[in-house]
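Each remark here refers to the structure printed beneath this line.
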Amino acid sequence: MSITITATILINDFEVLKETVEELGYTLYEEETEIAMYETVEYGYPVLIPGWRYPVVITKTGEVKYDNNNGQWGDTQHLNELLQTYTEKKVLKEITKFAENKGMEIIRKDGIIILKKNDEVIEIEIKKQNINIDAKGFTGSRCEETVKNLNLPIEIQSENKKPEYFQNSFINYESNQKKNEIWIL
């Protein structure tokens, strides 16, 4: 693996949100509205979830605001379904465009979306609104560039560069050392 990124996807694609809400049988207000919740007032696009006392509000910046009183005013499972379904749809929409441009194959396996071309692989695991991206088979900064080119609206939580990330300079240095050692012998 060259790089692993953990991120939260921002809900900023209204068409995907609308499709997600319809699929789940929820209701989406298509105009921004001010919503009074128990202790706060939120402004954004309300999503009415059956059994919830207050709507979930999606802000212009893609944040999700809600008050369900730790599950007493609405089953958190419904919110999780909304986030998971939206994230899957948005990721598939963006990576399909990317894969077509790069000639990569898209594989769905055990809840993971895989993009593959030869030895280069990008694995995307989705858990609610969070995604883990593993870029494998890339060397140097190409993996970072490739992940950025996926065009996912994400807020990066953590980034871990694997040894392969530094492979180009390390291999070149090691090869030069071996050549020198050979000449010395």
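Okay, here's what the table says:
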quantity	calculated
Residue 90 vs. criteria among the charged types (D, E, K, R) and assigned to a loop (DSSP other than H, G, I, E, B)	no
Filter result (in contact with an Asp or Glu (Cβ under 8 Å, 6 or more places away or on another chain) and not in a strand (DSSP E or B)) within the stretch 105-132	111
Residues satisfying the stated conditions in the stretch 24-39, i.e. open to solvent by 90 Å² or more (accessible area, probe 1.4 Å) and either within 27 Å of residue 157 (Cβ to Cβ) or in a loop (DSSP other than H, G, I, E, B) (or both)	29, 30, 31, 38, 39
All positions within the stretch 54-103 that are acidic (Asp, Glu) and over 16 Å from the mean Cα position of the chain (by Cα)	67, 75, 100
Search result, residues across the stretch 141-161 that are open to solvent by less than 70 Å² (accessible area, probe 1.4 Å), farther than 17 Å from residue 98 by Cα and not in a loop (DSSP other than H, G, I, E, B)	158
Set 47, 16, 57: member being more than 30 Å from residue 145 (Cα to Cα), modelled with pLDDT of 90 or more, of a type outside the set (Gly, Ala, Ser) and in contact with a Lys or Arg (Cβ under 7 Å, 6 or more places away or on another chain)	57
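Rundown of residues vs (1) loosely packed, with under 12 Cβ neighbours inside 10 Å; (2) at negative phi; (3) modelled with pLDDT under 85, yes/no style:
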{"position": "89", "(1), (2), (3)": "no, yes, no"}
{"position": "104", "(1), (2), (3)": "no, yes, no"}
{"position": "126", "(1), (2), (3)": "no, yes, no"}
{"position": "135", "(1), (2), (3)": "no, yes, no"}
{"position": "139", "(1), (2), (3)": "no, yes, yes"}
{"position": "165", "(1), (2), (3)": "no, yes, yes"}
{"position": "168", "(1), (2), (3)": "no, yes, yes"}
{"position": "176", "(1), (2), (3)": "yes, yes, yes"}
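The values are calculated or read from the model by the stated rules, or taken from the named source; none is laboratory data. The model shown is predicted, which means the values in this text are computed figures rather than measured ones. Backbone-built Cβ (ideal geometry, glycine too); neighbour counts: all protein chains shown. SASA here: full protein model, heavy atoms, side chains in, ligands and nucleic acids out. Shrake-Rupley method; radii C 1.70, N 1.55, O 1.52, S 1.80 Å.
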